[in-house]
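This report refers to the structure that appears directly beneath it.
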Amino acid sequence: MKRRSYLGAMTAAGITGVAGCLGDGVGDILSSDGTDTTLDPPEQSRGDPIHPIHGDEFPTVSLPDPLRDEEISLEQFEGDRAYMMTFIYTSCTEDCATLVRLLSEVQSDAAERGYEDDIAFLAMTFDPETDGPEELREYGETNGADIEADNWHFLRPESNEEALRLINDDIGAPADLENAEQNHEEHGDEDSDHDDHGGNDDADDGEQDDGSDDSDHGDDHDDGEHDHGDGDDHDGSDADHGSEGVHYYTMFLVNDRGIVERSYPNVTGDGEENRPASIIDNVRTVVE
Amino acid sequence: MRRRDVLAGAASVGALAGAGALAVYGVPSGVLSDESDDGLRHDPIEIETVEATGSDAGTQTIPADGTVTFVDLFATTCDICQDQMPALGEAADQVGDDVTFISITNEGEEQASDDELTDWWDEYDGRWQLGRDPTSELIVHYGTSTPIAVLFDGDGQVQWEESGRKTSDEIVSRIEGVLADD
């Protein structure tokens, strides 16, 4: 998968000095490292994962919003607003719910501080076969999202296969459906899946993968997102929170030039960078 | 250290973190994740408490002034939070009287009405202070992956913070540890 780093072509020198005077629009074009992001690179390196990270272009995909019955193309946000994107399915009642709640907290902050038109919230289901519009609506409402707001979009690919391909291949935030029976059938021998998805070994948070590039995903984390199923890990009793280990639930903050400002590869985990307050600060900075 | 005095001092100086600054500077770009002036993760926040078994309607400052404070952040829709209730109950029985012990949901009345909330509370045998944080003022500093246990010492410093399911032994020993050090 190609991941293009986008170095700003802006004429940095002349504009920087007056950024403060001109206020909005100019201040957020430039950052100190001269790239096309507002935020500086995150303190903790993401290593070299497959998913887009700070400074990378986010893949421009186009997906239906089933609640509004319209097609949303990520490209439409360029020049318009930043967006936050994450991946959920409604049968996942713990960490995915957390993802929606997190987005809803940013959404509330946006409404309160008047930047609701400068940001969009995209929650893509990767179990569209189970998650129809009504399921998504209820899930959003239960978890505090203002789904009627213009800036909220549930995205629903045509099929589970397309959804998983998008996440695993195009975006590289590996995901698996814990509770979906069909997934167990699709994935046979663990080893062959590793061959197919070897490239995704680094997709998880760089700080947690201590460079064990070829390791079995099963070693790295429990029932979190990994792009192959082993029947053992997915019985009904192992809900997506699992018994121990980390869960790689990923969220992206992309600016209005389609460039990733932040990837949050384990956003439901503990850690200062994952606190809603920190994330809200990042978003406020990006939209200002 | 008396937190109240420090906060009063900060406000009078017009420090950016203080409310007084809002009047002087207008609404700042406001860094939500900055520490308050006395090194706390955030200024104390007033939480609305609800009338329920073991809980009176009113308000509770978090962290509570002058006592060790134990907070359980939860949501009624969260399965692990349900599973967590028995352990919380045991801990409340053992040490609840020595500290400010409270469960706080981030759900507003639209997501969980008063009746729904108290029904849930009774179903899982809640019998200690219960509050709401519908605008996420408190929870935004800790996370959204409920249940989250947050334990503050008598000075309001966070001594323990952990999401996921905990045993009553763990909760009790953490609380007792902080009580002993206070």
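The values are calculated or read from the model by the stated rules, or taken from the named source; none is laboratory data. Just so it is clear, the model here is predicted, and its values are computed rather than measured. For neighbour counting, all protein chains shown are included, and Cβ atoms are generated from backbone atoms with ideal geometry for every residue, glycine included. To get the accessible areas, we keep the full protein, side chains included, count just its heavy atoms, and leave off ligands, DNA and RNA. Shrake-Rupley method; radii C 1.70, N 1.55, O 1.52, S 1.80 Å.
Between A:Arg262 and A:Leu253, the built amide H atoms are under 5 Å apart, and every one of these is 5 or more places off in sequence or on another chain. Can you list the residues, at least 5 places off or on another chain, whose amide H is less than 5 Å from the amide H of B:Ile104, using H built in the peptide plane? Result for B:Ile104 returns B:Asp72, B:Leu73, B:Phe74, B:Gly131. Note that segment A:42-56 has calculated 3J(HN,Hα) couplings of x, 4, 8, 5, 8, x, 10, x, 7, 6, x, 10, 2, x, 8 Hz, one per residue in order, obtained from phi through the Karplus relation 6.51 cos²θ - 1.76 cosθ + 1.60 (θ = phi - 60°); glycine and proline are x. Distances between placed amide hydrogens fall under 5 Å for B:Asp43 paired with B:Ser36, all partners being 5 or more residues away or on another chain.
Could you go through segment A:147-157 in sequence order and give the Karplus-derived ³J(HN,Hα) for each residue, using 6.51 cos²θ - 1.76 cosθ + 1.60 with θ = phi - 60°, rounded to whole Hz, and x for Gly and Pro? Ordered by residue, 3J(HN,Hα) equals 6, 7, 4, 4, 8, 9, 9, 7, 10, 9, x Hz.
When the surface is traced with a 1.4 Å probe over the full set of protein chains, A:Glu161 keeps roughly 150 Å² accessible. Each residue of segment B:61-78 was assigned a 3J(HN,Hα) from its phi angle through the Karplus expression (A = 6.51, B = -1.76, C = 1.60, θ = phi - 60°), giving 7, 10, x, 5, 6, x, 10, 5, 10, 10, 10, 10, 8, 8, 9, 5, 7, 9 Hz with x at Gly and Pro. Taking a Cβ cut-off of under 10 Å around A:Glu116, the surrounding Lys, Arg, Asp and Glu residues balance to a net charge of -4, with basic ones at +1 and acidic ones at -1. With a cut-off of 11 Å between beta carbons, the residues surrounding B:Gln111 carry a summed charge of -3, where Lys and Arg count +1 and Asp and Glu -1.
Each Lys or Arg adds one and each Asp or Glu takes one away; over the other residues whose Cβ falls under 15 Å from the Cβ of B:Asp181, this sums to -4.
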